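The values are calculated or read from the model by the stated rules, or taken from the named source; none is laboratory data. Remember, predicted model here, so these are calculated numbers, not experimental data. FYI the Cβ positions are ideal-geometry reconstructions off the backbone, even for glycines, and counts take in every protein chain you see.
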Amino acid sequence: TNYPSQQLRFETVADVTIDRSQLNWTSYILCGYKGVIERFGLTHPANMQLTVSGTIPPGAGLSSSSAMVCCAVMATACANGISLTNAEVAEIATKCERYIGTESGGMDQAISMLAESGFAKRIDFNPLRTTSVKLPIGASWVVTHSLVEAHKAHTADYQYNLRVVETRLSAVWMAKAAQIPDWDRTYPLEAVKAKSGLSFSDLLSLAATAIPSHPLTISDIETALGHPVAHFLTGLNQSPSVLAKNTHYALLDRTLHVFSEASRVDEFQAVCNRHDPTGNELQELGALLSASHKSCSEVFQCSCEQVDVLQRICMAGGALGSRVTGAGWGGCVISLVPDHLIDSFTNHVQKNFYNTLPEHVTSRVQYMFVTTPGQGGRVEEKK
């Protein structure tokens, strides 16, 4: 086994706590356990014995932590005779993963539970809903690990949670600029689009004129918006820690990334829905992936040097498009590769990236594999 067994005992449900200074794999189990206890008001939850196994490398941006929380939610519910839909599991897991200290948005939990074999999934929120998207034939998805582990909970105040705070403040700034009546309570950025009725193109233009291009201090933001920033951060429990550890906030860049990325999602779905076998859908999808990575790296700044190097090598190896996946700051690159180039692509990446690294680094995990969309989480009873 990769991890030692652990036995956890609690005298009362109030004793179920998660020590953020000593996070390990059981922390994510406890998130799901605690989430179900609190959701359903359990006072005497059933004892459980769990065995956990998986093939997802940890800290790879492949949702291993969210998948673990979803499994814990399902196991706890099942052990206590509670029936949940997959959407309910995703909702509970999204909320309770925040016990770890990350302001999770819910996308990882949603795809972990609502994925459908053979289809990409478009995920929308408020309320949570998904749309199946049939991918064009002729290419496969290849995952390549940068071998930089991205443990988002450990660096959240400077990376993941900082982006959550920045995009929340970006939303209210944009809502005010768009003259939305309840602008100070209009967030996230998708709500700005919905309430303003503006197109993505119009929103990008408005952002470029309304938000200063340089990073802003808290004083700058409070002067422009007329309220203490805490007024806009309701519900973000980790925001005080973020504000205590950061001095500048790049609101324009974060806004430009979010709106341009959302526009690319619309474009991606539209290309897939054309179903034209004589067209160039795969090339268009690849271009969208690469544009997404460029924005992640340069505008949202959630990539890192090793991931950027790997992404360039993937493109040079024949990928139609390639981007960082997951929360970023390490982890994996996912590439769209023509089926007839899979072998030459993997050989190219092996030679130009992995063979340049020390052997002890590449021996730790499965670092490159071809994948297809699979089924989401489910409970199976063993006979």
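Table for the structure above
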read-out	value
Pairs, first closer than 17 Å to Leu62 by Cβ in the stretch 326-350, second surrounded by fewer than 22 Cβ atoms within 10 Å (Cβ to Cβ) and among the acidic types (Asp, Glu), C-beta under 8 Å, six or more apart	Gly330/Glu149; Gly331/Glu149
Residues of the stretch 246-275 that turn out to be part of a loop (DSSP other than H, G, I, E, B) and either among the basic types (Lys, Arg) or under 19 Å from Ser205 (Cβ atoms) (or both), as a count	1
Qualifying residue in the stretch 333-349 (condition: within 18 Å of Ser65 (Cα to Cα), buried (at least 19 other Cβ atoms within 10 Å of the Cβ) and within 21 Å of the chain's Cα centre (by Cα))	yes
Residues located in the stretch 117-175, provided they are among the basic types (Lys, Arg) and within 29 Å of Leu198 (Cα to Cα)	Lys121, Arg122, Arg129, Lys134, Arg163, Arg168
Residue within the stretch 110-132 that is more than 30 Å from Leu282 (Cβ to Cβ) and among the small types (Gly, Ala, Ser) present	no
Test: residue in the stretch 113-124 that is of a type in the set (Gly, Ala, Ser) and closer than 25 Å to Arg20 by Cβ	no
Candidates Lys195, Lys245, Lys176 - the one that is within 19 Å of Cys302 (Cα to Cα), in contact with an Asp or Glu (Cβ under 9 Å, 6 or more places away or on another chain) and of a type in the set (Lys, Arg)	Lys245
Filter result (assigned to a helix (DSSP H, G or I) and over 29 Å from Glu149 (Cα atoms)) within the stretch 37-67	Ile37, Glu38, Arg39, Phe40
Restricting the stretch 242-279 to residues that are modelled with pLDDT of 95 or more, more than 15 Å from Trp173 (Cα to Cα) and of a type in the set (S, T, N, Q), the residue that is surrounded by the most Cβ atoms within 10 Å (Cβ to Cβ)	Ser260
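For every residue, the table says whether it meets (1) among the polar types (S, T, N, Q); (2) exposed (fewer than 15 other Cβ atoms within 10 Å of the Cβ).
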| site | (1), (2) |
| --- | --- |
| Met174 | no, no |
| Gln179 | yes, yes |
| Pro188 | no, no |
| Leu198 | no, no |
| Leu203 | no, no |
| Ile211 | no, no |
| Asp220 | no, no |
| His227 | no, yes |
| Thr234 | yes, yes |
